[in-house]
Amino acid sequence: MSLPPDRPCVRCGRPQTPAFRPFCSAGCKDRDLLDWLDERHVVPGEVVLDNDGGDA
Ligand SMILES: [Zn+2]
């Protein structure tokens, strides 16, 4: 049995991109994270974003 190489994105159903599995793109990945954060408002006012500071 051989599975198809491109499984559907868990968000939009488009073929996944290996770099963004299980999503098809960075957009879907970000949106999923935002949705997850939005649903989990366990600590309002305390958003911990780990900035790498690689901008310097
Ligand atoms: Zn997608």
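The values are calculated or read from the model by the stated rules, or taken from the named source; none is laboratory data. The shown structure was predicted, so the numbers you read here are calculated from the model rather than taken from an experiment. Please note: Cβ atoms are built from the backbone with ideal geometry, for glycine as well, and neighbour counts cover all protein chains shown.
Does segment 29-48 hold any residues that are modelled with pLDDT of 70 or more and part of a loop (DSSP other than H, G, I, E, B), and which are they?
Start the filter on segment 29-48 by keeping residues that are modelled with pLDDT of 70 or more, which leaves 29-40.
The answer is 40, and nothing else.
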Can you give me the number of residues within segment 1-28 that are at pLDDT below 85 and either within 11 Å of the ligand (Cβ to nearest atom) or not in a loop (DSSP other than H, G, I, E, B) (or both)? 0
